[in-house]
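The values are calculated or read from the model by the stated rules, or taken from the named source; none is laboratory data. Nothing here was measured: the structure is a model prediction, and the numbers come from that model. Here the Cβ positions follow ideal geometry from the backbone for every residue, glycine too, while neighbour counts run over all protein chains shown.
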Amino acid sequence: MHFTPDLDAYFQRIGDMGPRDPTLGTLNRIVEAHVRTIPFENLDILLGKGISVELSDIERKLVHERRGGYCFEQNSLLEHVLLALGFEVRALSARVRAQKPRDFTPPRTHLFLRVELGDQSWLVDVGVGSMSPTAALRLELETPQSTPHEARRVTASGDWQAFDRRSPDAVLYHQILYGDTWNDVCDFTLEEMHPIDRELGNWFTSTHPASHFRSTINVARSTRAGRITLQGRELKHRGADGRAEARMLQTPEELLHALREEFGLQFPDGMRFD
């Protein structure tokens, strides 16, 4: 089914009134504003509502109801916004592997975007929680790249001779720099993620008993000065220097207050997520 995003409503939601021409400057501006204003969150899963990947449902939830979502919602919405602006975009699949050893294989249940601008490919991901990059990343190996927040790079394993011609064991890794250590965010092979694959990935992620999204609150957004995260009952503010201040939310009322004040998420008094 053809979907036309409500661009005016989207740009109002992210607070961006700048140019809409399909350029790198526009792309980076949109990415930063999106990650700052539309929080990553899994609260509907914990409330037993499930997650719809229908584009009209995603737009209603993230834009008109001013909620957040996870990768299948966030990056699907951004994909169609960018397409409507004239960008060349493809959705790719990945395995999120934050804090996972290389010998562990996570499920391929992550969606992110590849954007072509001239002869350069760029990676965009507004749906990987507290690690969502706040700028597009060049699809270029071993080059540290600055963003408004942490430095990033793309590295590879296996015999990778060209991005679209690879040996069977070649894998690309998106990495983030914490201090002086590069950490894996996700791995990918430039395989496209078609709508049916998104449905299956979303079904697994939102319903499988082993999915961590079913067991604990996970909310995040960036700020101009750093990042704010809520995992379980731990609310953490991380500054641009990497230093973090954390506190535990003791009551359901404190939790609802934090969701409202820190992330802009409104829920009725008395709502419980556990």
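Screening I217 against (1) under 27 Å from I51 (Cβ atoms); (2) among the aliphatic types (A, V, I, L, M); (3) exposed (fewer than 15 other Cβ atoms within 10 Å of the Cβ) leaves a single unmet condition, (3). Condition check for K49 on (1) surrounded by 13 or more Cβ atoms within 10 Å (Cβ to Cβ); (2) in a loop (DSSP other than H, G, I, E, B): one failure, at (1). Note on region 55-79: residues that are surrounded by fewer than 19 Cβ atoms within 10 Å (Cβ to Cβ) and more than 16 Å from T37 (Cβ to Cβ) amount to 3. Note on region 52-61: residues that are within 11 Å of E73 (Cβ to Cβ), in contact (Cβ under 8 Å) with a residue 40 or more places away in the chain and either aromatic (F, W, Y) or part of a helix (DSSP H, G or I) (or both) amount to 2. Looking only at region 129-136, decide whether some residue is small (G, A, S), part of a strand (DSSP E or B), under 30 Å from L255 (Cβ atoms) and touching a helix residue (DSSP H, G or I) at 6+ places or on another chain (Cβ under 8 Å). The answer is no; no qualifying residue exists.
The condition (being in a loop (DSSP other than H, G, I, E, B) and touching a Leu at 6+ places or on another chain (Cβ under 8 Å)) is satisfied by just one residue among P22, P101: P22. One residue alone among T147, T143 is over 19 Å from D187 (Cβ atoms), part of a loop (DSSP other than H, G, I, E, B), free of Cβ contacts under 8 Å to residues at least 24 places away in the same chain and not aromatic (F, W, Y), and that residue is T147.
Filtering region 201-257 to residues that are aromatic (F, W, Y) and in contact (Cβ under 8 Å) with a residue 12 or more places away in the chain leaves F204, F213. Tell me yes or no: at least one residue of region 142-149 is under 19 Å from the mean Cα position of the chain (by Cα), among the hydroxyl-bearing types (S, T, Y) and at pLDDT 95 or above. The answer is yes, given that some residue of region 142-149 is under 19 Å from the mean Cα position of the chain (by Cα), among the hydroxyl-bearing types (S, T, Y) and at pLDDT 95 or above. Restricting attention to region 23-41, the residues that are of a type in the set (K, R), in contact with a helix residue (DSSP H, G or I) (Cβ under 9 Å, 6 or more places away or on another chain) and under 18 Å from L117 (Cβ atoms) add up to 0.
Among the residues of region 100-137, those identified as surrounded by fewer than 19 Cβ atoms within 10 Å (Cβ to Cβ), in contact (Cβ under 8 Å) with a residue 12 or more places away in the chain and either under 17 Å from W182 (Cα atoms) or not assigned by TED's automatic domain parsing to the domain that holds C186 (or both) are K100, R102. Picking from residues in region 80-89 that are part of a helix (DSSP H, G or I) and more than 16 Å from the chain's Cα centre (by Cα), the one that is surrounded by the most Cβ atoms within 10 Å (Cβ to Cβ) is L85.
To keep it simple, each residue is scored yes or no on (1) surrounded by 17 or more Cβ atoms within 10 Å (Cβ to Cβ); (2) outside the structural domain of F72 (by TED's automatic domain parsing).
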residue: H194; (1), (2): no, no
residue: R198; (1), (2): yes, no
residue: T223; (1), (2): no, yes
residue: G226; (1), (2): yes, yes
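Contact map, region 1-30: residues that are in contact (Cβ under 8 Å) with a residue 24 or more places away in the chain paired with residues that are aromatic (F, W, Y), Cβ distance under 6 Å, separation 6+ or inter-chain. Pairs shown: P22/F87.
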